[in-house]
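The block underneath contains the structure these notes are about, expressed in structure tokens.
The values are calculated or read from the model by the stated rules, or taken from the named source; none is laboratory data. Small disclaimer: the values here were computed from a predicted structure and weren't measured. Reconstructed Cβ throughout: ideal geometry from the backbone, glycine too, with neighbour counts over all protein chains shown.
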Amino acid sequence: MSPSTNPLPVITPGPPPRAAGLAPRSLATGVALVIGACVSLQFGAAVAVQLFPVLGSWGVTALRLGLAAVVLLAIVRPRVRAWTRAQWLAVVLFGISMGAMNGTFYAAIERIPLGVAVSIEFLGPLVLAAVLARRWLDGLWVGVALAGMALLAVDSATGSEALDPLGVVLALVAGAFWTAYILTSKRVGALVPGGGGLAVALVVATAVVLPLGAPGAAAAVTDPALLGLGLVVALLSSVVPYSLELNALRRLPPAVFSILLSLEPAFAALFGWLLLGQQSGLLRTLAIVLVVAASAGVTLTARRITPARSRPGP
């Protein structure tokens, strides 16, 4: 990121002029886009878990990202010849962070429950929100979400089912790349109009995971049933949520977007229970309630957060 171009928000200590704040309609649209992305992504993840025994987590990741890239390239047809060096750099970094985030996350949910993995992974966006916070109220919502993470740690330490240490580490690594994904996605949204940046980033992301995922993905190509399920996962977990998130980041500052993502553990626990039979105990449920409360709180107070740059066009 060049020092002369700063897409991150400026959070003012007092209420800005009404014209400078987030418009209510833009805020509502951004929130709806993030919620839609959360639902689609976690439903797709629950479906993907059922493919792990056959293709492996990295194989499913490669298949999902590769199919999503093909679909978006066919729809968008990006005019890459007109891109500048800055645009290419932003898209490549976006793709690297996307591929690493997805690969390590799928490897994590192969070893630990979906809701737990997403809650641990959320530490990445939580740290980003804490760094971007400038008012005491922002710090309060981050603190509420952090309390939820603490409850999750207590539940993991005292629960009857011990978590796979490697799964926990992979979820933490995925969280770090999730933070990079948020920042690079914001950058691409500002520099590259439309969905061309996302389409090419998916190609880069596929290349990132192919060294580990090629054997599993190749096995699915010869099986129509597996290929069809892979396409469903690609649409639910890549095409739909990433398109929604990219548009949401054009309407919301990264700090707001990061804490809104605290809805992810709730949807992950829901679909983990509905589709995978993964149970959620009292402490885990309380942790989810706290992070969702933080999400709602930051949304209600987000009108006082002013983007440093005007929102780019769609």
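Against the condition closer than 16 Å to T184 by Cβ, touching a helix residue (DSSP H, G or I) at 6+ places or on another chain (Cβ under 9 Å) and either free of Cβ contacts under 8 Å to residues at least 24 places away in the same chain or outside any loop (DSSP other than H, G, I, E, B) (or both), how does I120 come out, does it pass?
Values: closer than 16 Å to T184 by Cβ: no; touching a helix residue (DSSP H, G or I) at 6+ places or on another chain (Cβ under 9 Å): yes; either free of Cβ contacts under 8 Å to residues at least 24 places away in the same chain or outside any loop (DSSP other than H, G, I, E, B) (or both): yes.
No: the conditions fail for I120.
Can you find, within the range 163-178, the residue that is nearest to V92 (Cα to Cα) among those that are modelled with pLDDT under 90 and touching a helix residue (DSSP H, G or I) at 6+ places or on another chain (Cβ under 8 Å)?
Narrowing the range 163-178 to residues modelled with pLDDT under 90: 163-165, 168, 178.
Keeping just the survivors that are touching a helix residue (DSSP H, G or I) at 6+ places or on another chain (Cβ under 8 Å) gives 163, 168, 178.
On the way: L163: 34, V168: 27, W178: 15 Å.
This residue is W178.
For the range 1-48, which positions are under 21 Å from F94 (Cα atoms), among the β-branched types (V, I, T) and modelled with pLDDT of 85 or more?
Answer for the range 1-48, where residues must be under 21 Å from F94 (Cα atoms), among the β-branched types (V, I, T) and modelled with pLDDT of 85 or more: just V34.
When S280 is evaluated against the numbered criteria (1) surrounded by fewer than 24 Cβ atoms within 10 Å (Cβ to Cβ); (2) of a type in the set (G, A, S); (3) in contact (Cβ under 8 Å) with a residue 12 or more places away in the chain; (4) part of a helix (DSSP H, G or I), which criterion, by number, is the only one it fails?
(4)
Of (1) within 14 Å of the chain's Cα centre (by Cα); (2) farther than 14 Å from N102 by Cα; (3) at pLDDT below 90, P241 satisfies all except one. Which?
Result: P241 passes all but (2).
Would you check if there is a residue in the range 129-145 being buried (at least 24 other Cβ atoms within 10 Å of the Cβ) and outside any helix (DSSP H, G or I)?
No - not one qualifying residue is present in the range 129-145.
Kindly check whether there is at least one residue in the range 78-99 that is in contact (Cβ under 8 Å) with a residue 24 or more places away in the chain, of a type outside the set (V, I, T), more than 25 Å from P193 (Cβ to Cβ) and surrounded by 21 or more Cβ atoms within 10 Å (Cβ to Cβ).
So far as the range 78-99 goes, no, none of its residues is in contact (Cβ under 8 Å) with a residue 24 or more places away in the chain, of a type outside the set (V, I, T), more than 25 Å from P193 (Cβ to Cβ) and surrounded by 21 or more Cβ atoms within 10 Å (Cβ to Cβ).
Using the structure shown, decide if I182 is part of a helix (DSSP H, G or I) and buried (at least 18 other Cβ atoms within 10 Å of the Cβ).
On the way: part of a helix (DSSP H, G or I): yes; buried (at least 18 other Cβ atoms within 10 Å of the Cβ): yes.
So I182 fits the description; yes.
Would you pick out the residues in the range 62-91 that are in contact with a Ser or Thr (Cβ under 9 Å, 6 or more places away or on another chain) and of a type in the set (V, I, T)?
Across the range 62-91, the qualifying residues are V71, V91.
Inspect the range 198-206 for any residue being at pLDDT below 85 and closer than 24 Å to N102 by Cα and give the result as yes or no.
No, the conditions are met nowhere in the range 198-206.
Does V291 satisfy the criteria of being closer than 22 Å to L183 by Cα, out of contact with any His (no Cβ under 7 Å at 6 or more places or on another chain) and modelled with pLDDT of 70 or more?
yes
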